[in-house]
1. Report the relative contact order of the chain, percent, no decimals, based on alpha-carbon pairs under 8 angstrom and at least 6 residues apart.
2. Taking the range 107-179 on its own, what percent of its Cα-Cα pair distances exceed 15 Å?
3. Only sites in a loop by DSSP and with at most 15 other Cβ atoms within 10 Å count here; which trypsin sites (Lys or Arg not before Pro) in the range 106-141 make the cut?
4. Mind scanning 175/237; 97/248; 116/248; 180/214; 116/175; 10/92 and naming the pairs with a C-alpha gap bigger than 21 Å?
5. Longest segment of the chain with no chymotrypsin sites (Phe, Trp or Tyr not before Pro) in a DSSP loop having at most 14 other Cβ atoms within 10 Å?
6. Starting from the Cα of residue 94, step 7 Å along the direction of its Cβ; do the same at residue 40; then give the gap between the two resulting points in nm.
7. What percentage of all Cα-Cα pairs in the range 1-49 are separated by more than 15 Å?
8. How much accessible area per residue does the range 1-130 have, counting only protein heavy atoms and a probe of 1.4 Å, in square angstrom?
Amino acid sequence: MKTICVFYNKKKAIRGRALRLIRSLRENGYKLYLNKTSRRAQLAVALGGDGTALRAVQQTLRHRLPVLPVGLGRLSFLAEIPAAELLPALEKFYQGKYRREERAALQISVRHGWQKTSAVIVNEAVLTRNSYQRLFDITARSGRHILNYRADGLIVSTPTGSTAYNLAAGGAALKPQAPKYLLTPICPFPAEKTALAAAAARLRRGKIIDLNQKTVIQAAGKKPNFIVICDGHRLIKFPRRAVLQVEKAPESFAFVRFAAG
């Protein structure tokens, strides 16, 4: 049986269109798991914007399901097809007329004494303050590189996430399959007293790191109250003297892509 995991956001204005698509899929003989994963499925379909597509990736990582993003939201950089093309696209998928676009994920680990909390990120992890905004000191060590920032936070971005928060913060955009990741400071304050605008622009570009290179990050401030935000929804506390380690995740994920025409 053709079995699909379908992810959609129930709270958004697109809910009505998503439900109509779900009804159509059932009428055409597809067995569906809604907003959950199953090892019986061959595919995950994300109905919405990029946030829904990334949630589908997170939910299906352990089953290695390819994800087909269908554009229904306002922001759909990842969308492969519009809603009207979903049924023909599924026919192509089950005929094998598609390709898997493999993408890398990152694993981040917050270590504090003997405690360790880990997460796999597909978009970005953001080290920032938990309450009021105030500049703090960030040190990132990656191989021989030692980066020092005084900023509102630091974005650790995958190639997929490079066109999201990272790009809005002034970071570089990477190709989706680039074997790299990014460290981009948020509103960094330059140490130089002259040419502040030019120095700040250079800092905002951040640093491109080889995917196989680990990075260790520390933060310090007068009133440390830090957190790490993973893919915009999971929060990890980052206590005083904690260490954030970044490395390539053992898991990867894939989007379904079709040939043009």
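1. Numbers: 588 pairs, mean separation 52.5, N = 261.
Averaging sequence separation for qualifying contacts and normalising by length gives 20 percent for the chain.
2. Across the range 107-179, Cα pairs with separations above 15 Å total 65 percent.
3. On the way: sites: 111, 116, 129, 134, 141; in loops: 134.
Counting only loop positions with at most 15 other Cβ atoms within 10 Å, the trypsin sites (Lys or Arg not before Pro) in the range 106-141 are 134.
4. Cα-Cα > 21 Å for 175/237; 97/248; 116/175; 10/92; rest within.
5. Values: sites that count: 77, 114, 132.
Here the longest run is 133-261.
6. If labels sit at residue 94 and residue 40, their model points lie 1.5 nm apart.
7. On the way: 469 of 1176 pairs.
Considering the range 1-49, 40 percent of its Cα-Cα pairs are separated by more than 15 Å.
8. On the way: 6750 Å² over 130 residues.
Here the residues of the range 1-130 average 52 Å² of exposed surface.
The values are calculated or read from the model by the stated rules, or taken from the named source; none is laboratory data. From a predicted model like this one, the values you see are computed outputs, not experimental measurements. Cβ: placed from backbone, ideal geometry, glycine included. Neighbour counts: every protein chain shown. Protein only, heavy atoms only, side chains kept; ligands, DNA and RNA dropped before computing areas. Shrake-Rupley method; radii C 1.70, N 1.55, O 1.52, S 1.80 Å.
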